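Below you'll find the structure, written out as structure tokens, and then a few comments.
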Amino acid sequence: MPLDGNGGYTVRRYTLDFDWTAPRTPFAASTTIDATATQALSRFDLDFAGNALREVTVDGTPARAVRDGDELVVTPARPIPHGGAFTVRVDYTADPTLQRHRGDAIAEYGWVPTPDGTVLYPQPDGAKMIFPVNDHPSLRAPVTFHITTPPGLGAVANGKLVERVRRPDGHVRWTYDSEHPVAAQLIQMAIGKFAFVAGTGPHGLPLQDVVPDGLVPGTKAYRALTSEHLTWLERRLGPYPFRRYGVLVADTDLPVALETQSLSVLPRADLLGDRIDAERNLVHELVHQWTGDSVAVRRWSDLWLSEGHARFYERLYSGTHGGDGFESAMRTAYERHDQWRHDDGAPAEPSSDAHLFKQMRYDGSALVLYALREKVGEQTFDRIERSWVTTYQGRAVGTQDFVALASGVAGQDLSAFLTPWLYGARTPPMPGHPDWRPDPVQD
Ligand SMILES: [Zn+2]
């Protein structure tokens with residue numbers, strides 16, 4: 001996704017204003033970006049797709065703004081000096097039906113309408129359909145959300161509710177603060193007839209699920225497991241990395257869950273069906289809060305670091321909670337690994353953008369972590385994992401960072417072992433399992 005993200009400035013904060021009216025109905029929106037120039041700027045780009053642009057100002061003065069594909073090219077009235085702080089405001093009419101499609105696990109993304117509102121699925125590059133942004137997985141900034149809703153509707157976003165003001169006309173203005181910097185792909189902002197279901201996790205962690213009114217009783221049994229899941233994961237990965245957590249239940253047919261930061265979104269079907277599948281999805285998105293959200297990827301080719309860990313612990317948990325045995329799931333992945341390499345590229349080298357969110361990045365990448373565990377032993381592997389999420393908390397990292405950290409913790413150079421697993425054309429032998437064989441590749 002070479003055009004995503006822009007150079008020349010860093011964003012200090014996004015302030016998003018949404019004046020919501022009704023599902024699938026255009027509404028007034030504005031985005032204010034506080035930024036600092038990292039070079040002298042006569043113009044700069046934002047990522048912005050669709051929506052109807054009304055006006056762009058820089059430091060209060062109207063600026064020239066030209067759309068070029070998904071780029072919004074802004075030329076301020078006066079150049080911005082290197083190191084200068086500046087504020088961009090973009091007024092637009094938002095189109096809450098904007099979506100794109102991918103032929104992988106993402107399916108539809110962007111705005112996902114619900115019967116009485118919306119949820120967001122920005123991953124991987126859909127944030128630009130929601131607001132003008134520097135949309136790159138390695139870039140994060142704090143976000144303030146101001147969301148105005150008509151009477152009877154609620155709103156939620158990443159982080160903490162800091163203010164809720166009822167206006168004389170009955171509309172309510174909700175203000176949320178992300179509390180931590182957040183990558184554009186992990187933004188959440190949802191509107192609907194919601195119940196806010198509060199709870200408490202380990203060490204008093206505030207939990208709050210956000211659930212469409214009619215789905216509260218039906219989803220309660222599995223939502224109530226979050227605290228147990230947190231305890232199980234904290235034993236392996238250390239303290240949960242954010243100040244709060246919750247499950248946002250999406251009233252949508254889209255069968256996709258997403259690790260939006262501190263508030264994972266799960267489609268209603270995930271919480272109304274079989275317990276084993278529900279727990280796999282709940283644990284998967286929760287793991288992502290450590291790997292993918294807190295520890296971000298530097299570029300999309302590093303996605304295996306996010307999805308591989310999430311699938312690894314999802315399967316490890318499920319293996320002792322009624323699901324498929326962990327080792328048998330890994331053996332199945334091993335058998336298919338050469339085929340996945342052929343179809344979608346090696347774990348750390350996706351063959352193209354279109355092959356990004358394929359099985360290779362999920363079970364195929366969990367298998368790399370399993371191979372590492374077989375190589376160094378469970379105790380050393382656990383120390384590597386703990387060190388990974390601690391050392392790189394709040395940072396964006398790449399594959400070589402993982403190889404270097406694993407080698408350091410294990411006290412042995414693991415690059416000769418991991419490189420063929422991560423980049424090779426063929427699946428290496430599995431340590432400790434000389435009888436495992438990849439299935440032959442079919443063209
Ligand atoms: Zn995932």
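Here are the numbers:
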| item | result |
| --- | --- |
| Residue in region 420-428 that is β-branched (Val, Ile, Thr) and over 23 Å from residue 295 (Cα atoms) present | yes |
| Selection status of residue 346, more than 16 Å from residue 277 (Cβ to Cβ), away from the ligand (no atom under 16 Å from the Cβ) and in contact with a helix residue (DSSP H, G or I) (Cβ under 9 Å, 6 or more places away or on another chain) | yes |
| Counted residues, region 325-374 - those being over 21 Å from residue 288 (Cα atoms), at pLDDT 95 or above and either outside the structural domain of residue 304 (by TED's automatic domain parsing) or not polar (S, T, N, Q) (or both) | 16 |
| Search result, residues across region 13-47 that are touching a residue at least 60 places away in the same chain (Cβ under 8 Å), more than 18 Å from residue 91 (Cα to Cα) and exposed (fewer than 15 other Cβ atoms within 10 Å of the Cβ) | 22, 24 |
| Meets criteria (outside any strand (DSSP E or B) and among the small types (Gly, Ala, Ser)) for residue 110 | no |
| Whichever residue in region 168-208 is in the same structural domain as residue 22 (by TED's automatic domain parsing) and free of Cβ contacts under 8 Å to residues at least 12 places away in the same chain and, among such residues, is surrounded by the fewest Cβ atoms within 10 Å (Cβ to Cβ) | 168 |
| Members of region 197-255 that are farther than 13 Å from residue 272 by Cα and among the polar types (S, T, N, Q) | 200, 208, 226, 227, 231 |
| The lone exception for residue 276 - which of (1) more than 15 Å from the ligand (Cβ to nearest atom); (2) in contact with a Phe, Trp or Tyr (Cβ under 7 Å, 6 or more places away or on another chain) it fails | (2) |
| Identity of the residue in region 349-374, away from the ligand (no atom under 16 Å from the Cβ) and outside any helix (DSSP H, G or I), that ends up surrounded by the fewest Cβ atoms within 10 Å (Cβ to Cβ) | 352 |
| From 397, 403, 368, residue being within 23 Å of residue 298 (Cβ to Cβ) and touching a Pro at 6+ places or on another chain (Cβ under 7 Å) | 368 |
| Selection status of residue 306, among the hydroxyl-bearing types (Ser, Thr, Tyr), at pLDDT 95 or above, in contact with a strand residue (DSSP E or B) (Cβ under 6 Å, 6 or more places away or on another chain) and part of a helix (DSSP H, G or I) | yes |
| Hey, residue 433 surrounded by 14 or more Cβ atoms within 10 Å (Cβ to Cβ), touching a strand residue (DSSP E or B) at 6+ places or on another chain (Cβ under 9 Å), in contact (Cβ under 8 Å) with a residue 40 or more places away in the chain and closer than 26 Å to residue 324 by Cβ or not | no |
| Criterion (hydroxyl-bearing (Ser, Thr, Tyr), within 16 Å of the ligand (Cβ to nearest atom) and either surrounded by 21 or more Cβ atoms within 10 Å (Cβ to Cβ) or at negative phi (or both)) met by exactly one of 294, 328 | 294 |
| Residues that are loosely packed, with under 15 Cβ neighbours inside 10 Å and either in the same structural domain as residue 241 (by TED's automatic domain parsing) or closer than 19 Å to residue 429 by Cβ (or both), drawn from region 375-412 | 377, 412 |
| Elements of type helices (runs of 4 or more DSSP H) contained in region 188-298, each with 1 or more residues being under 29 Å from residue 21 (Cα atoms) | 216-223, 268-272 |
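The values are calculated or read from the model by the stated rules, or taken from the named source; none is laboratory data. Predicted, not measured: the structure shown is a model, and the values here were computed from it. Note that each Cβ is placed from the backbone with ideal geometry, even for glycine, and that neighbours are counted across all protein chains shown.
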